[in-house]
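The values are calculated or read from the model by the stated rules, or taken from the named source; none is laboratory data. The model shown is predicted, which means the values in this text are computed figures rather than measured ones. Cβ coordinates were reconstructed from backbone atoms using ideal geometry, including for glycine residues, and neighbour counts include every protein chain displayed. Protein only, heavy atoms only, side chains kept; ligands, DNA and RNA dropped before computing areas. Shrake-Rupley method; radii C 1.70, N 1.55, O 1.52, S 1.80 Å.
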Amino acid sequence: MNIRQKFLIGFAFLVIAVSVVGAFMLNQVGKLGRTVDVTLKENYQSVIICQKVNEALERIDSGILFLLTDDKHFEEDFFTNQIAIIHNQWTLEMNNITVPTEAERTEKVQTLLKEYLNLVSLVTDTSITKETRSLEYRKKVYPLFLELKKEVGGILEINQENMAQANNLARSKAYRLHWQGIVLLVASALFILCFSMILINWIQNPLKKLIHMTNEIAEGNYDLSLDSISNDEIGQLARSFNTMTIALRDAKRQLMQKLYCSKRMNKDVFDKLPAPITVIDLQTETVDVTTQKAAQYFGFTEGKKIEDISSEWFHRYVKKVRETGVIYEANGQDDMIQKFIDGREYFFQPTVIPIPPGGTPEQIIAVGIILRDVTMAHEQMELKKSVISTVSHQLKTPLTSLQMSIYLLLEEKCGSLTPEQVDLLLTMREESQRLTDIIGDLLDLNQASSLGNLPYETKGVNELISDAADRFSAECQSRSIQIETVPDPTATIVSVVRNRIEYVFDNLIANAIRFTSPGGKIVLSAVNKNHVVEFSVADSGSGMSEEVIKHIFEPFYRGPGQESISGVGLGLSIVKEIVTVHGGDVKVQSQENEGTIMTFTIPLTTGEKLCY
């Protein structure tokens, strides 16, 4: 017997039980309702008839009195109408006998009514003298009226008593029906409880065993089997479950063999890798896999606890990746890790990767750390800076003397000059000034990566964009260009080197003015986004092509169509270097003939100097 058949049989019993109980209760309620309805209906009708007959008799009696005392004239059919009412109502009463003694009383009333109505005709006959009619009324009509009232009232009373008895009987039957219903409900509940216990034995107990076995397998216990005696679906499931556990045991054995071989191979490969690489297991809080150089240079030996690693940068970067779930890649000199190995200075840039990549912080089970050796690149950069600094400073002295000589010649301190000589000297002055600007940009580029040695100060976010707009408001007005600011009320303060961050704003705004036609618009804005402030300088100028955007931050790159006085292409390189050292990033969005949006970010701070 399968589960479906078991359920069908069980529910068939339930349906039969509910049907029997329901039919019995409906039958009892129907009987009670019919009994009460018939009894109350017939008795109530007799009560109404008696009341109407009494009212008609009283009207006739009152009419006779008025007629005898006041000689009042009535409508011709007054007595006729009342007599008709009595005849009609009493005919109904003769056909509605419900109480055993009601028939005799009704016959008696019928006889008295005939006699009374004949006398009424006599006393209302105006052809007879008033004295004769009055005498007949006192001796015969009024006593007969009182007897009729008494007999009709008796019929009314026995019907009312019968209604009261019917009401009590209905209450008694309802009370018995109430307790019968309770008994049947209790019996039904007990039946359903017994049926549920049978269902538990049939279905739930095997399923509980199956759930328990499943939990055991989830914990790694595959040496289990279920009893499969029954032939229903649960028995089939148990046999399939046993087959699955056998397959899982085989798969686990093969997987463990492959995992052991894979781990052994990975360890051998890791040991031979030239770069320091390590993997931290966040579940066990230990070093899982590491290379020889990672163990030798940084002490990342296998099995070592995270809490035993003393490197401050290690805990800072791992914590950042665990909280965000985002790959952290060091950028800039401040992110370099200095290490002295065998008496020589080395520099490494760390990249911290969450495992699995792209997962949420709750899904991260491990962290991989790659330490890239950038010693040679660092030395080359330092050498380049040294050469640029030395050459620039060496050029500034003779260039300053040359500019002074040109100035003295233009002042004609050494004699008069011809117009041709003046033109040549003016050209020399412009070119020497341009050379001075180039040397200044080279020095700025050289100094931009050394902001860590300069004093940081806290500035209000909206204050920075407001001051930048004020510095260029006059120039924009002279060029018929509108400049406006869009502050962010939620942004607070940032920690910056003031003159360097002002250079960033000035360079971006100057470029926007250069490429925006009269009547255009420049918008400075600040937006608080995920613990950083995003500053932007948007213009409605000529925009840039995709090819120009690719090279826009490269040193000495100048886009096509620029004037010679616009510089040598170092401004945006310096901007990028300054923003990077501040811990931010620079981006550009632009389309030709639709304008440009230059965006850079600065981390929010509480006022302390930032270290990156």
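Could you list, in their original order, any pairs among LYS320/LYS529; LYS52/LYS139; LYS459/LYS529 whose Cα atoms are separated by more than 19 Å?
LYS52/LYS139
Whenever you get a sec, compute what percent of the accessible area on segment 44-151 sits on carbon and sulfur atoms (1.4 Å probe).
53 percent
Please give me the summed charge of the neighbours of GLU151: other residues whose Cβ is under 9 Å from its Cβ, Lys and Arg +1, Asp and Glu -1.
Net charge in that neighbourhood comes out at +3.
Just report the Cα centroid separation between segment 135-152 and segment 525-553, whole Å.
Spelled out, the Cα-based centre of one part sits 119 Å from the other.
Can you give me the accessible area per residue for segment 462-597, using a 1.4 Å probe, in Å²?
Details: 6740 Å² over 136 residues.
The answer is 50 Å² per residue.
Using mean Cβ contacts within 10 Å as the protection proxy, how do 105-117, 411-423, 44-56, 338-350 order, highest first? Write down the numbers at each step before the final one.
Details: 105-117: 16.0, 411-423: 9.8, 44-56: 18.3, 338-350: 13.2.
Listed from highest to lowest mean packing, they are 44-56, 105-117, 338-350, 411-423.
Using 25 Å as the Cα-Cα cut-off, could you pick out the over-long pairs in LYS108/LYS140; LYS150/LYS173; LYS319/LYS550; LYS114/LYS140?
Over 25 Å Cα-Cα: LYS150/LYS173; LYS319/LYS550.
Just add up the charged neighbours of LEU113: K/R +1, D/E -1, any other residue whose Cβ is under 12 Å from the Cβ of LEU113.
Net of charged neighbours comes to -2.
Sort the following peptides by mean Cβ neighbour count (other Cβ atoms within 10 Å, averaged over residues), highest first: 502-511, 457-466, 540-549, 400-409.
Highest to lowest by the protection proxy: 502-511, 457-466, 540-549, 400-409.
Computed over the Cα atoms of segment 278-333, what is the ratio Rg over Rh, Rh following Kirkwood?
Working: Rg = 11.5 Å, Rh = 12.0 Å.
Taking Rg over the Kirkwood Rh, I get 0.96.
State the Cα centre-to-centre distance between segment 45-120 and segment 275-313 in whole Å.
After rounding, the separation between the Cα centres reads 119 Å.
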